[in-house]
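Here the structure is laid out as structure tokens; the discussion comes afterwards.
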Amino acid sequence: MERRISNLNHLEFRKLVEGGIDTALIPVGTIEAHGITPLGTDVIIPEAMAERIAAEVNAIIAPAVPYGITRGLVGHPGTIRIRPETFKAYIEDILESLAGAGLRNLVVLNGHGGQTTELKDALFEAGRRSGARTLLIEWWYDIDDIRETELERTGGHAGADETACVMAVEPSLVKPDLFDEKQVAFFSRSYSAYPVPGSIVIYTEGDWSLNLDQSKCEGFFDAVARRVTETITKVIEGWTASGV
């Protein structure tokens, strides 16, 4: 069954909603430098995740929002920045439109940590005004067990986890021959540099290696998708049981 809103006729869309689909997945990312993966990594991952899990959570998929709030990577080639106030207003309009179309559960699958605050505010405001129930999913949190089991690596911006996801989705987009240790920057709370002095940002000093084993990358993505599916399912069940 076709679940992508952009590929549905408006009458098909109405039939699905009237038939009981009340959940929408909205992939959101940004365009910025990502080491050996594409500028659109933060869009590619949540969009692929939405397609992977839509049937399991009985949802339709809104077109991805590719542009977001980039700060530290501004200045690196190809990076595109949207002002926070513009981004927040845009997301609110999308959410309220989906709610107005009859979708009660609005799930944003975010691929970029630099816009978490604005997304939380947008979901709260849009939900309050429209009466929709809103949920923000950021797939990279609380998956240390999956990283350790599947990749034997820690995460980071353009690190082992993000790179593995892109490998799982479309391995031809990953360019190992472009890797250079000089691209790696260690995140430290002791300083803030703009631009960040590297397009790969790691959170565990010295752990910058990538796992490019195709089967392990696919196993990692599958495990993360299952975790996301479980979270969405539990939240919707909780909403229903609570009568909200």
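Laboratory data are not the source of any read-out in this text; all were calculated from the coordinates shown. Just so we're clear, the structure is a prediction, and the values are computed from it rather than from any experiment. No Cβ is skipped: glycine too gets one built from the backbone with ideal geometry, and neighbour counts run over all protein chains shown.
Positive end of the dipole of the chain (Cβ unit charges, origin at the Cα centre): among I53, I94, V235, the Cα lying farthest that way belongs to I94. Mean-square fluctuation check for the chain, GNM, Cα pairs under 10 Å: which of D161, D213, D42 is largest? Highest fluctuation of the listed residues: D213.
Springs between Cα atoms under 10 Å define the GNM used for the chain, and in it the highest mean-square fluctuation of G111, G19, G72 occurs at G19. For the chain, the longest principal axis of the alpha carbon atoms and the long axis of helix 84-100 meet at an angle near 30°.
Give the distance, in whole Å, between the Cα centre of the range 151-166 and the Cα centre of the range 64-139. So the separation of the two Cα centres works out to 23 Å.
When the GluC sites (Glu not before Pro) in the range 198-244 are filtered for DSSP coil states and for at most 16 other beta-carbon atoms within 10 Å of their beta-carbon, the remaining sites are E205.
Quick one: helix 160-169 against the long Cα principal axis of the chain, what's the angle to the nearest 10°, folded into 0 to 90? Value to nearest ten degrees: 60. Amide H contacts for T134 (H built 1.01 Å from N in the peptide plane; partners 5 or more residues away or on another chain; cut-off under 5 Å): L106. Each Lys and Arg contributes +1 and each Asp and Glu -1, all at the Cβ; summed about the Cα centre of the chain, the dipole is approximately 760 debye. Within the listed set L25, L11, L136, the residue fluctuating most in the Gaussian network model of the chain (springs between alpha-carbon atoms under 10 angstrom) is L11.
Each of R14 and A193 was given a label point 7 Å from its Cα along the Cα-to-Cβ line. The distance between the two points is 5.7 nm.
Within the range 178-244, the trypsin sites (Lys or Arg not before Pro) that combine a DSSP coil assignment with at most 11 other C-beta atoms in a 10 angstrom radius are R189. Remark: E92, E181 ranked as E181, E92, counting other beta-carbon atoms within 10 Å and listing the fewest first. With axes computed from alpha carbons, what is the tilt in degrees of helix 214-242 against the longest principal axis of the chain, rounded to the nearest 10 within 0 to 90? With both axes taken from Cα atoms, the answer is about 40 degrees. Apply the Debye scattering formula to the range 1-48, with a single equal point scatterer on each alpha-carbon and no solvent, then give log10 I(q)/I(0) at q = 0.19, 0.28 Å⁻¹. Taken in order of the listed q values, log10 I(q)/I(0) reads -0.69, -1.01. Between the labelled values [x] 54, 39, 34; [y] 69, 37, 29; [z] 58, 50, 36, the entry that holds Cα extents along the principal axes in Å as derived from this structure is [x]. For the range 51-89, the list of GluC sites (Glu not before Pro) that fall in a loop by DSSP and count at most 15 other C-beta atoms within 10 angstrom reads E56.
Based on Cα contacts under 8 Å between residues 6+ apart, the chain shows a relative contact order of 21 percent.
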